[in-house]
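Notes to accompany the following structure.
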Amino acid sequence: MLAFAPLGFFPLALLSFALLVHFWVGATPRRAFWSGYAFGLGLFLAGVSWVYVSLHTFGAMPLPLAALATFLFCAFLALFPAAAGWLQARIPAHSHVRACLLIPAAWTLFEWLRSWIFTGFPWLSMGYASVGWPLQGYAPLLGVFGLSFITVSLAGMAWLVFRRQRRVVFAAGLVAIIGVGEALRSIQWTQPAGEPVRAALLQGNIEQDLKFRPERYAAILATYVRLAESTGAKLIVFPETSIPRFLDHVEPDFLQRLESVAKRNGGDLLLGVPYRTRSDEYFNSVISLGSSPPQAYHKSHLVPFGEFIPPGFGWVLGVLQVPLSDFSRGGYDQRPLGAAGQRVAVNVCYEDAFGDEIARRARDATILVNVSNVAWFGDSLAPAQHLQIARLRAVETGRMHLAATNTGITAAIDRDGRVLARLPQFTEAHLEVSAQGYSGATPYTRYADWPVVIVSLLVLAGALLVARRALSR
């Protein structure tokens, strides 16, 4: 867990997986399943315990029920590492092949499956631990799951070195892979597009438990007007649902005032606000106001129970008090917004945890913008983990990534994953940065996760085929 943000000490990931390799090599499928389950349960209980905060503190779910729901969620997630352990143990293989190829392939495949089953939860994918470290250089080629494969493979090599099995060969391989990763970090996969634009990222620091109270509405509008009018930036970005009221119920004078600020600065403003259609569908949206024609982005990857209720779970609404918890899903192929002379690929909250989706949107964009309200998780690990995820999205796509959040972490991230500037959490402020747009494509934006998934499947299938041929002789 300490390999992830906020500590982000990548060598601990290698040590943890070297221990897992030790338990899995030579284990029966049953034993590998349960050791993998224990590994996963510990990882997720430590890493996503902030789910409890959203359920109990802000969702008003009774404490015992929120604790049970959090445990069951982590227990479900732990099934994926357990299944990876079971699968690799079912395939006969030499310890060298198992440690360096079979275990990484099985782990990566089930990590990828976790990213889309039941709409997906790719949080704490092991590749994120390599942000800021040499393996980050592989991200524009292979994405987060490629980094996961390499991380687990390096751990297998480290285990073999420790066990003195072909020590020189595997030590040399370990050093070479890390060295190539560091060299790849110097490659610039994209090119600057036009001149930099001055951008302001607003952080209103609105308390989550007070945000939707009617008596707080006027104060929230005043906060954001004050922040917007205090900057001369050409691109102004508000957080997710910064205005806690449907757009058609927001006072026209307020919207005109915001639009006049954007036009005064010669640019545009991106406003997070719930958007309702005439057919009474409503979306978690970002609209543009200012010099460019009005545009909108509607969030397409929704959070189960937080933004939509799966069929058969309507009873949850009686227990979990979450405002606006049944959004409609936006279109899959929405175009970037034209704002302040840039083509802005907008994503909302944890949408940026899905690298393949961000890669698809980045192809026609010059800048990535994420708007979030991580106040749902209080003072927990979630904001730091979310920033780590955003840093890898910037590297994978070769695009600058701007994150505007309600309570933090509001930050500007360059295409190499460096955090250029950030605001302290739980403060009301705006962050002004020089935002450079980029054009061009990394290999990952073209092919997404498919090369790594296919290689993992081929490794597993190839090892199984070799084992069956050996048994038939």
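For a protection proxy built on the mean count of beta-carbon atoms within 10 angstrom, sort 455-464, 228-237 highest first, please.
228-237, 455-464
Could you run the Karplus curve 6.51 cos²θ - 1.76 cosθ + 1.60 with θ = phi - 60° over the stretch 123-139 and give me ³J(HN,Hα) per residue in whole Hz, x for Gly and Pro?
For the stretch 123-139, the Karplus curve yields 4, 6, 4, 4, x, 5, 5, 8, 4, x, 10, x, 5, 4, x, 7, 4 Hz.
Share of antiparallel DSSP beta bridges in the stretch 322-469, in percent to the nearest 5?
Roughly 45 percent of the beta bridges in the stretch 322-469 run antiparallel, per DSSP.
Could you go through the stretch 166-182 in sequence order and give the Karplus-derived ³J(HN,Hα) for each residue, using 6.51 cos²θ - 1.76 cosθ + 1.60 with θ = phi - 60°, rounded to whole Hz, and x for Gly and Pro?
Using θ = phi - 60°, the values come out as 6, 4, 5, 4, 6, 5, 5, x, 4, 5, 5, 5, 5, x, 5, x, 5 Hz.
Per DSSP helix of 4 or more residues, -39500 (n - 2.57); summed, then divided by the residues of the chain. What does that give at 222 nm, rounded to the nearest 500?
After summing the helix terms and dividing by the residues of the chain, the value is -13000 deg cm²/dmol.
If you add up the charges near residue 245, with Lys and Arg at +1 and Asp and Glu at -1, over every other residue whose beta carbon is less than 15 angstrom from its beta carbon, what do you get?
Residues close to residue 245 contribute a combined charge of -1.
For the pair residue 12 and residue 168, what calculated FRET efficiency results from E = 1/(1 + (r/R0)^6), where r is the Cβ-Cβ distance and R0 = 25 Å, to the nearest 0.05?
It comes to 0.45.
In whole angstrom, note down how far apart the Cα centers of the stretch 383-416 and the stretch 209-259 are.
23
DSSP loop trypsin sites (Lys or Arg not before Pro) in the stretch 161-226 with at most 16 other Cβ atoms within 10 Å of their Cβ, which ones?
Hits after loop and neighbour filter: 163, 164, 166.
Beta carbons within 10 angstrom, averaged per residue: use that to sort the peptides 292-301, 436-445, 60-69, highest first.
Result, highest mean first: 436-445, 292-301, 60-69.
Please give the residues of the stretch 402-423, grouped as numeric ranges, whose backbone N is less than 15 Å from a label point set 7 Å along the Cα-to-Cβ vector of residue 379.
It comes to 407-409, nothing else.
Which of the aspartates and glutamates could be linked to residue 263 by a straight reach, that is with a Cα gap under 13 Å, when you skip same-chain ones fewer than 8 residues away?
229
Report the label-to-label distance for residue 119 and residue 72 in nanometres (one decimal), using points 7 Å from each Cα along the Cα→Cβ vector.
The answer from the label model is 1.7 nm.
What is the sum of charges, Lys and Arg at +1 and Asp and Glu at -1, for the other residues whose Cβ falls under 13 Å from the Cβ of residue 204?
Net charge around residue 204: 0.
Principal axes first, then extents: for the Cα atoms of the stretch 353-473, list largest minus smallest coordinate on each axis, whole Å, largest first.
Extents along the principal axes: 71, 35, 19 Å.
Could you name the aspartates and glutamates in cross-link range of residue 299, using Cα to Cα under 14 Å and dropping any fewer than eight places away on the same chain?
240, 281, 307, 326, 333, 351, 352, 357
Can you tell me what share of the DSSP beta bridges in the chain is antiparallel? A percent to the nearest 5 is fine.
The antiparallel proportion sits near 60 percent.
With θ taken as phi - 60° and the coefficients 6.51, -1.76 and 1.60, list the Karplus ³J(HN,Hα) couplings across the stretch 280-287 in order, rounded to whole Hz; mark glycine and proline as x.
6, 6, 9, 10, 8, 10, 10, 10
Could you work out how far the C-alpha centroid of the stretch 1-68 sits from that of the stretch 148-208, in angstrom?
Cα centroid of the stretch 1-68 versus Cα centroid of the stretch 148-208: 22 Å apart.
Between the DSSP loop rule and a limit of at most 13 other Cβ atoms within 10 Å, which chymotrypsin sites (Phe, Trp or Tyr not before Pro) in the stretch 1-78 are left?
Passing both the DSSP loop test and the Cβ count: 9.
Between the DSSP loop rule and a limit of at most 14 other Cβ atoms within 10 Å, which trypsin sites (Lys or Arg not before Pro) in the stretch 391-459 are left?
418
With a ≥ b ≥ c taken as the square roots of the eigenvalues of the C-alpha gyration tensor of the chain, please select rounded if a/c is under 1.5 and otherwise prolate if a/b is larger than b/c or oblate if it is not?
Cα axes put the chain in the prolate bin.
Which of rounded, prolate or oblate describes the stretch 87-136 when judged by the alpha-carbon gyration tensor and an a/c cut-off of 1.5?
oblate
Read-outs: derived from the displayed coordinates by stated rules, not from any lab. Here the structure is a predicted model, which means the values were calculated and not measured. So basically every Cβ, Gly included, is an ideal-geometry build from the backbone, and we count neighbours across all protein chains shown.
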